[in-house]
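Everything on this sheet refers to the single structure shown next.
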2 protein chains.
Amino acid sequence: MTALSIGKLSKSTDVKVPTIRFYEQIGLLPEPDRTDSDRRVYGDRDVRRLAFIKHARQLGFTIDGIRTLLALSDQPDRDCDEANRLAQEQLAAVESKIAQLQALRGELWRMVEARCRGAAADCRVIETLADHARCMQDHVEPSPFAR
Amino acid sequence: MTALSIGKLSKSTDVKVPTIRFYEQIGLLPEPDRTDSDRRVYGDRDVRRLAFIKHARQLGFTIDGIRTLLALSDQPDRDCDEANRLAQEQLAAVESKIAQLQALRGELWRMVEARCRGAAADCRVIETLADHARCMQDHVEPSPFAR
DNA sequence: CTTGATCCTCTAGTCGCTAGAGCATGCAAG
DNA sequence: CTTGCATGCTCTAGCGACTAGAGGATCAAG
């Protein structure tokens with residue numbers, strides 16, 4: 001059973017030290033034991049939990065979603081419809097975000113392609129931005145997933 | 001020359017009233033004239049400027065990028081390398097974001113596909129999240145573009 | 001004239017961190 | 001054993017881009 005300082009935990013999970021403290025503060029990570037001089041001491045459980053959190057964040061789950069997922073995995077006797085549902089939702093959000101970004105990419109392509117070489121007066125980039133009618137696809141609301 | 005209240009401007013550009021005031025506060029929109037009773041009065045110029053801003057935001061430009069773009073379009077005698085550069089950057093950011101999201105989508109597909117029907121104890125969703133080794137692609141840093 | 005919509009300013013909250021101040025400790029080199 | 005730097009601690013404030021709410025003034029329709 002390894003005992004890790006916050007710095008070691010940070011290195012072994014690739015999550016920054018202030019972020020770990022932040023996760024503790026908002027209750028995503030349990031309050032760890034402390035040394036005599038008040039330093040946090042972590043164990044393998046914490047490494048696994050933090051890795052879980054990190055992975056879920058990378059997949060775009062919100063902190064709240066992760067909270068649910070963690071509660072689920074902490075009580076493994078419940079059924080996991082909730083987890084499936086969250087994953088589904090996440091997938092739908094990612095897919096709509098992709099679709100939206102592909103539309104934006106199209107428009108940016110046109111802008112970059114038509115780029116001007118002269119004065120900004122008839123700069124295509126600026127003109128395209130100024131005249132929304134130029135763009136063919138409708139833009140979508142920024143998805144709740146973003147970032 | 002139409003004179004618009006902030007509410008009319010909001011409706012005609014589909015930008016919320018508080019957002020318009022916020023844009024004024026941070027200097028993206030000029031301070032408009034006021035009526036005797038201190039209400040903001042806008043004109044066509046403002047409609048165009050706000051539409052420009054909205055469009056650029058939808059394309060993912062940051063407020064700072066938009067500030068540059070607006071400065072460029074306000075001084076049309078300058079050349080527009082800067083605008084081209086910004087558009088290029090934006091395109092690159094969007095493309096990398098798409099690639100990243102496609103990787104995430106792949107992983108979420110696998111999670112959703114393998115979804116369990118029993119107890120959370122061996123829930124694939126949770127297990128996948130817990131065991132990062134399961135995922136084939138490396139996750140990328142969230143791009144600066146997101147949202 | 002009344003009522004409800006719209007407007008005003010100001011402050012604070014959102015999300016998920018990140019940065020900094022101002023200290024206390026731990027550890028290795030000299 | 002001292003020096004000095006890395007790491008740790010708590011606390012507060014900041015980021016981007018809004019959004020929400022309080023508490024009040026004004027406008028326009030019926």
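What follows draws every value from the coordinates through simple rules; no lab data is involved. Everything numeric in this text was worked out from a predicted model, so none of it was measured. Heads up, the Cβs are rebuilt from the backbone with ideal geometry, glycines too, and the neighbour counts pull from every protein chain shown.
Here are a few things to note about the model shown:
- Phi to ³J(HN,Hα) by Karplus 6.51 cos²θ - 1.76 cosθ + 1.60 over segment B:52-66, Hz, x for Gly, Pro: 4, 4, 4, 4, 4, 4, 5, 7, x, 5, 6, 4, 5, x, 5
- Sequence-separation-based contact order of segment A:6-74, relative, with Cα cut under 8 Å and 6+ spacing, percent: 25
- Sorted by Cβ density within 10 Å, fewest first, the residues A:Phe52, A:Phe22: A:Phe22, A:Phe52
- Residue-by-residue Karplus 3J(HN,Hα) for segment A:41-47, coefficients 6.51, -1.76, 1.60, Hz, glycine and proline x: 10, 10, x, 4, 3, 5, 4
- Inter-chain Cβ neighbour average for residues B:46-57, partner chain, 10 Å: 3
- Counting only lysines at least 8 places from B:Lys97 when in the same chain, those with an alpha carbon closer than 22 Å to its own are A:Lys54, A:Lys97, B:Lys54.
- Residue-by-residue Karplus 3J(HN,Hα) for segment A:12-20, coefficients 6.51, -1.76, 1.60, Hz, glycine and proline x: 6, 10, 6, 10, 5, 3, x, 5, 4
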